[in-house]
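See structure below.
The values are calculated or read from the model by the stated rules, or taken from the named source; none is laboratory data. As the structure is a computational prediction, the values presented were derived from the model and not from experiment. Note: ideal-geometry Cβ built from the backbone for every residue, glycine included; neighbour counts use all protein chains shown. What goes into the accessible areas is simple: the full protein's heavy atoms, side chains included, and nothing from ligands, DNA or RNA. Shrake-Rupley method; radii C 1.70, N 1.55, O 1.52, S 1.80 Å.
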Amino acid sequence: MSAGSVGAVFSAAHDEFALWSGRLWRPLGEILTTVSRPEPGERVLDACCGAGASALPAARAVGPAGVVHAVDLAERLVEQGAREAEALGLAQAQFTTGDVLAHDGGPYDVVQSAYGVFFFPDLDEGARTLVGKLRPGGRFVVSSWLAGGMSRIVPVGRAAALPERPELAGQEGRPNASERVDTADKLTGWLSSLGLDEVTVRQVRYTQPLHPDDAWTFLLGAAMRGFVAGLEPDALERVRVRFLDGLREAGIDELDATSLIGTGYRPGV
Ligand SMILES: C[S@@+](CC[C@H](N)C(=O)[O-])C[C@H]1O[C@@H](n2cnc3c(N)ncnc32)[C@H](O)[C@@H]1O
């Protein structure tokens, strides 16, 4: 997806994304922040911040003497994060709509990104741009999905949408950037290839029951929404039925959001 369409898909997904905040994005954002551990007074860039799942805990951690620049392409998610920061009195959380790769800021003590970097048009180039915004000794912290978890649902969503959107056929089997960072070894190797020091990767097991109704809101609240963008209601309903059948056939009745959180330090201190 181009940057424009990623932003448009996630912005349109705003309502369903919010339904999944409490049980997915927020807890995993909190957990990311327990690894990045922003300290009082630090400067943090939260890249691909969505509605602030990891930016808001980071803002609490840095306190009023610090700052968190939270940047995302999806305008409606950013608005939601900004509203929440205001309600929580976290003036140090500054939300901006835009491409984080073009964000002018830094140097930062921490650059963190939850489930965002694999949407960049070029994973390596994008990550190098983010690493370049760190001060020497600053830490880069990213989370990704473990192979065999979240990735099992996506082909089911694509197959369900395919009869309505034949152009999706060409995308099957196409290398996906998330597959480059979906095991501890791959994520370690990738962070090291960015020139980072002291690379560590932690695995966080995170699963929960997946009711069919919730599975559908999950599809509509995530990148899979791109599969059904622009479909008329009757076509959408056919996709929904095929998607739920597909999940049943694949035996998927839980959401396995088991994650990897990788950390590395920019050399130079
Ligand atoms: C799976 S969501 C995760 C959002 C948030 N980090 C969270 O954990 O709740 C991925 C986000 O990456 C954003 N994104 C992708 N590419 C981006 C870019 N180049 N600049 C800013 N945001 C981007 C999307 O708009 C989307 O909100």
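Identify all residues within the range 78-91 that are more than 20 Å from the chain's Cα centre (by Cα) and either among the aliphatic types (A, V, I, L, M) or buried (at least 19 other Cβ atoms within 10 Å of the Cβ) (or both); write none if there are none. Of everything in the range 78-91, those that are more than 20 Å from the chain's Cα centre (by Cα) and either among the aliphatic types (A, V, I, L, M) or buried (at least 19 other Cβ atoms within 10 Å of the Cβ) (or both) turn out to be Ala87, Leu88, Leu90, Ala91. Out of all the residues in the range 196-227, which are among the charged types (D, E, K, R) and either on the phi > 0 side of the Ramachandran plot or more than 18 Å from the chain's Cα centre (by Cα) (or both)? Asp197, Glu198, Asp213, Asp214 - these are the residues of the range 196-227 that are among the charged types (D, E, K, R) and either on the phi > 0 side of the Ramachandran plot or more than 18 Å from the chain's Cα centre (by Cα) (or both). Checking each residue in the range 8-32 for being surrounded by fewer than 19 Cβ atoms within 10 Å (Cβ to Cβ) and within 24 Å of Arg205 (Cβ to Cβ) picks out Leu19, Gly22, Arg23, Arg26, Pro27, Glu30.
Restricting the first member to the range 94-118 and to residues that are part of a helix (DSSP H, G or I), and the second to residues that are open to solvent by less than 10 Å² (accessible area, probe 1.4 Å) and near the ligand (Cβ under 9 Å from one of its atoms), the beta-carbon pairs closer than 6 Å and six or more apart or on different chains are Val100/Ala47; Val100/Val71; Leu101/Gly126. Scoring Val35 on the criteria (1) part of a helix (DSSP H, G or I); (2) open to solvent by 40 Å² or more (accessible area, probe 1.4 Å); (3) more than 13 Å from the ligand (Cβ to nearest atom) leaves a single failure, condition (2).
Looking at Gly189, Gly262, Gly173, Gly268 in this structure, which one is in a helix (DSSP H, G or I) and either among the small types (Gly, Ala, Ser) or at pLDDT 95 or above (or both)? Reasoning before the result, please.
On the way: Gly262 fails: in a helix (DSSP H, G or I); Gly173 fails: in a helix (DSSP H, G or I); Gly268 fails: in a helix (DSSP H, G or I).
Criteria check complete, one pass: Gly189.
I'm checking my understanding of the structure. Among residues of the range 38-77 that are among the charged types (D, E, K, R), near the ligand (Cβ under 10 Å from one of its atoms) and assigned to a strand (DSSP E or B), which one is surrounded by the fewest Cβ atoms within 10 Å (Cβ to Cβ)? Out of the qualifying residues, it is Asp72.
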